[in-house]
1. Taking the C-alpha atoms of region 140-234, how large are the radius of gyration and the largest Cα-Cα span, Dmax, in Å?
2. Using the Cα atoms of region 265-318 to build a convex hull, what is its mean projected area in square nanometres?
3. Using a/c under 1.5 as the rounded threshold, could you call region 113-160 rounded, prolate or oblate? The axes a ≥ b ≥ c are square roots of the C-alpha gyration tensor eigenvalues, and prolate needs a/b larger than b/c, oblate otherwise.
4. May I ask you to work out the translational diffusion coefficient for region 57-198 at 4 °C, viscosity 1.567 mPa s, via Stokes-Einstein with Rh from the Kirkwood sum over Cα pairs, reported in whole µm²/s?
5. Taking the Cβ of each residue in 140, 290 as the centre, tally the other Cβ atoms inside 10 Å and list the residues starting with the fewest.
6. For 75, 209, 219, what ranking results if the residue with the fewest other Cβ atoms within 10 Å of its Cβ goes first?
7. Output the peptides 269-277, 89-97, 223-231 sorted from most to least packed, where packing is the average of other Cβ atoms within 10 Å over each peptide's residues.
8. I need 101, 146, 282 ordered by Cβ neighbour count within 10 Å, fewest first.
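Throughout, read-outs are computed from the coordinates displayed, never taken from laboratory work. Everything quoted here is computed from the prediction, not taken from an experiment. Cβ placement follows ideal geometry from the backbone for every residue including glycine, while neighbour counts extend to all protein chains displayed.
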């Protein structure tokens, strides 16, 4: 295997990854049979083309991302919040779920999940992953989070919106995605909404993009939040880095009640190099730290300074 450095899609950092010599045999193509079985094909105008193209090209990397030493905490923190706040298994919508890591975990827990994503390649991997584990999704849809016309209103007990909001640079687009999330949840339904957090990435950048700090303007930009067009971040696509106050205000303005919020990386945010060494050299200590970090993700002394914010919100009853 060859080791190259690639931008980690949601961790916003370059990471080493192995490139196998053998060709991956999971193709993940959308076919006419898929469409006939209920996979919705949106119009080209409704798609976020740079983001869809990026994840079509990097679907396998996104599948494996959550197994990286730091990203494992993000994965376990999210599962911790699901288990704590979602309640008994019901109907769930995983919006922007990509290759289906959370859809698979929800299916294992008895949820009837609809998976939605803009990447056909990622949905193909998700379908294969579900089949490989003897599981199934209630429905798989190729669609944009801002336009869920094929999803019935008030039809889900819970939902995940873990990627779309940090790939939508304009506030109006994020409001549209949050409005669709509110629409499809039943009254009282719970969702977990993710934002990239500029405050946390300011610290992460000391390891991952130190050259940015040659200019003092970098600090003020990250303290206020920032959006990036496709191509501005090497090897990544368009993205939006919010701040905790801005993210909290957006979900409240959309009509949600805030239940709680968490920092996905907990007390380990910005510590990717240390965790990589720890995983290799002190595996028992690493495993313990990861598990404990996930359970402490809601602590206020850490959550505002993590790479990812996880907001647990509720559609008001009635």
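1. 16.7, 50
2. Working: hull surface 18.2 nm².
Reported value for the Cα convex hull: 4.6 nm².
3. On the way: a/c = 2.81, a/b = 1.43, b/c = 1.97.
Because a/c hits 1.5 or more and a/b fails to exceed b/c, region 113-160 counts as oblate.
4. Values: Rh = 15.1 Å.
Stokes-Einstein gives a translational diffusion coefficient of 86 µm²/s.
5. Numbers: 140 26, 290 21.
Sorted ascending by nearby Cβ count, the order is 290, 140.
6. Working: 75 19, 209 16, 219 13.
By the 10 Å Cβ count, ascending, the order reads 219, 209, 75.
7. Numbers: 269-277: 18.2, 89-97: 24.3, 223-231: 14.8.
Descending packing order for the listed peptides: 89-97, 269-277, 223-231.
8. On the way: 101 23, 146 19, 282 12.
Lowest to highest Cβ neighbour count: 282, 146, 101.
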